[in-house]
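As structure tokens, the structure follows; a few thoughts come after it.
The values are calculated or read from the model by the stated rules, or taken from the named source; none is laboratory data. The structure presented is a predicted model; accordingly, all values stated were derived computationally and were not measured. Counting neighbours? That spans all protein chains shown, and the Cβs are built from the backbone with ideal geometry, glycine included. Accessible surface is based on the protein model in full, side chains and every heavy atom, while ligands, DNA and RNA are left aside. Shrake-Rupley method; radii C 1.70, N 1.55, O 1.52, S 1.80 Å.
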Amino acid sequence: MALRINDTVPDLAFETNEGRIESFHDWIGDSWAILFSHPKDFTPVCTTEFGAVATLKDEWEKRGTKVIGVSVDGVDDHRKWIGDIEKSSGGSVSFPIVADTGLEVSKAFDMLPAEAYLPDGRTPNDSATVRSVFIIGPDRKLKLSMTYPMTVGRNFGEIVRALDALQATAKHGVATPADWTVGQDVIIPPAVNDEDAKAKFGSFDAVLPYLRKTKLPA
């Protein structure tokens with residue numbers, strides 16, 4: 001069954017380059033979490049992406065967010081690959097990378113079909129769909145997911161922006177417009193009537209009867 005927005009993510013145990021995690025839910029704790037996956041170590045696009053995540057370490061910490069990578073190669077390969085990631089990016093890989101050699105994570109998160117397997121002499125094409133990002137809330141529920149092809153590097157600036165929006169909407173009960181960034185006006189949900197909106201937010205701009213914008217409380 002497909003993993004959908006607001007579903008509770010699977011609580012798995014897995015091996016990583018930093019040791020075994022017995023419970024993914026316990027690892028998340030009270031934090032937000034980002035799980036991002038890759039079809040193979042030592043591939044060019046994935047190396048640049050892992051480097052981007054490594055250099056954003058301070059941004060994840062500011063947002064109370066843990067990150068964890070997933071690749072279908074083993075722990076030894078992960079440890080060797082980290083050297084390339086750090087050399088090419090100048091960042092330090094300070095997050096765990098899951099060794100999903102049995103495809104348990106890839107299948108549980110609906111990135112591969114249940115009958116998938118890795119053939120001998122496999123190439124990245126055999127696990128190409130394992131190119132996803134999952135943002136998970138402290139309630140262990142899936143808040144956002146996105147999947148890219150192997151040829152297109154992910155925009156982790158957008159992932160930070162989306163995380164900001166998710167945290168703002170969860171905290172304040174609002175929505176965010178297209179291209180929203182921190183500090184810009186937010187949208188008052190249609191379910192909130194004008195009277196309640198004024199009581200909660202003060203003034204607001206009614207662009208349309210169903211599109212009302214306001215600022216978040218300082």
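A few remarks follow.
- Over segment 172-218 - Rg/Rh using Cα atoms and the Kirkwood inverse-distance radius: 0.91
- The residues of the chain expose on average 50 square angstrom of accessible surface per residue, using a 1.4 Å probe on protein heavy atoms.
- Between helix 75-89 and the chain: long-axis angle, C-alpha atoms, 0 to 90°, nearest 10: 60 degrees
- For the chain, alpha-carbon Rg relative to the globular expectation (2.2 N^0.38 Å, N residues): 1.14
- Segment Lys57-Glu86, extension gain: residue separation times 0.36 nm, minus the distance between their alpha carbons: 9.1 nm
- Computed label-point distance, nm, for sites Glu22 and Leu3 using a 7 Å Cα→Cβ extension: 2.2 nm
- Within the chain, helix-based [θ] at 222 nm, where runs of 4 or more DSSP H residues each add -39,500 (n - 2.57), nearest 500: -9000 deg cm²/dmol
- Considering only beta bridges that DSSP places wholly inside segment 1-107, some 30 percent are antiparallel.
- The chain, accessible surface, carbon-and-sulfur percent (1.4 angstrom probe): 51 percent
- Calculated FRET efficiency, Lys198 to Ala175, Cβ-Cβ distance, R0 = 25 Å: about 0.90 to the nearest 0.05.
- Angle between the chain longest axis and helix 44-55 axis [Cα atoms, degrees, rounded to 10]: 50 degrees
- Segment 1-82, Rg to Rh (Cα coordinates; Rh as Kirkwood inverse mean 1/r): 0.96
- Relative contact order %, the chain, counting alpha carbon pairs below 8 Å whose residues are six or more apart: 21 percent
- Extent along principal axes [Cα atoms of segment 47-93; Å; largest to smallest]: 30, 21, 13
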